[in-house]
Each structure stands twice: as structure tokens, then as C-alpha cells.
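Inspection log for the structure reproduced underneath, given as C-alpha cells.
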Amino acid sequence: MYAGRMPRFSGRAGRAVGLESGKTRVVAAVRSFRAPDTDAVMAIVEESPHAANWSRESYARFAEESGSIVLVIESDGQMSGFLVGRLAGDQAEVLNLAVRARQRRRGAGTALLAAALKEFGLMGANSVYLEVRESNTGAIAFYERHGFAKTGRRKEYYRDPGEAAVTMKKKLGD
């Protein structure tokens, strides 16, 4: 079981991955967030209306918190997505995942989620939870394809615009 401070991605779950870019295969890498990544993360958030719209300081704070992971995926020096999550006891939560609009449906989200799930498992998590906007049917389908199941609904969970959240869970080791 994970008992120590984990302020950065351990790298044990990281790897180079192949992403589809038209008809060519592009090599990308999942790695830990670094302070200079903040501008790219904020740009991705701006073009991702369903992503949580946090402040610049929030990303840096998450990257330093015990039990948190902030991962990015990049290819050719360009960041195409990020994931923020945290561990609480033996449960983990995906807090924010976004991919650049032009990079969606090419494997970046899958690579980020796979790395996070592996990392959470290494940290001692037995299950992973998340919330997603009820209208974000693409994200719901994405998470279902990766073994998450709907567990409930939270009325008026989101603001700007106000909306319910669908709660989802995945047991690790399944």
C-alpha cells in the first residue's frame, strides 16, 4: 500500500505511446506536469468547454500535493493533453482530463487515463471515481469503454452552466 508522499508522477507507469495522426503514427510520451507546462494546460482548458476551469495556481498546487498526480502527454515538443487526479486512502479520483480539440480521438486521452490508472494502482488505490457533465456524452462513452460504470447522478453539481454530474467508478484490477 502506498504510504509516502507522491508529489510527482513516479514514471513507473509512464511510457511512449503511439497516437494516430491522419494516416501516420506519432510517438507521444506521458510525463509529469512541470511548471513551464502551465501555459499549454491553460490553452487546452480554453478549448475544452467540458473541462474544469481552474486557475493557473490550482495546477501548480495539485502538482505539489501529496497523493496527487498531474500528467501531460506530448509529441514533438507539443503538449496535447493533461490529466489531474488524486489519491485518498485506497480510492483515487480523476479530477480533470482534457485533450486539444485537434488531437481528440487519436489516443491521447486513452494514454493519459491508462498511465493514471497504472499510477493509482501503484499508489495502492483499489478503485477510481470521477464525475462528468451529464451532457458530455462523448466523455461518458470514453470512460465506459475504459471500464468505468455509471454509479449515480448529482443534481446541480456543475456551474457555468449549471448541470448535473454523472458519477462513475472503476475497480482496479478488473
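Laboratory data are not the source of any read-out in this text; all were calculated from the coordinates shown. On a predicted model such as this, the values are computed, not experimentally measured, just so you know. We place every Cβ from the backbone using ideal geometry, glycine too, and count neighbours over all the protein chains shown.
For this structure, a couple of remarks:
- Rg and Dmax, both from the Cα atoms of region 16-128 and both in Å, are 13.5, 43.
- Taking GluC sites (Glu not before Pro) across region 25-60, the ones in a DSSP loop with at most 14 further Cβ atoms lying within 10 angstrom of their Cβ are E47.
- Loop-located trypsin sites (Lys or Arg not before Pro) across region 71-174 with a Cβ neighbour count of 10 or fewer within 10 Å are R159, with loop assigned by DSSP.
- The phi torsions of region 136-151, fed into the Karplus equation with coefficients 6.51, -1.76 and 1.60 and a -60° offset, translate into couplings of 8, 5, x, 5, 4, 5, 4, 5, 4, 4, 9, x, 7, 10, 5, 10 Hz, rounded to whole numbers, with Gly and Pro shown as x.
- Once the chain from R153 to T137 is taken as fully extended at 0.36 nm per residue, the excess over their C-alpha distance is 4.4 nm.
- Summarising the amide proton neighbourhood of F33: residues at separation of 5 or more, or on other chains, whose placed amide H is nearer than 5 Å comprise F9, V70, L71, V72.
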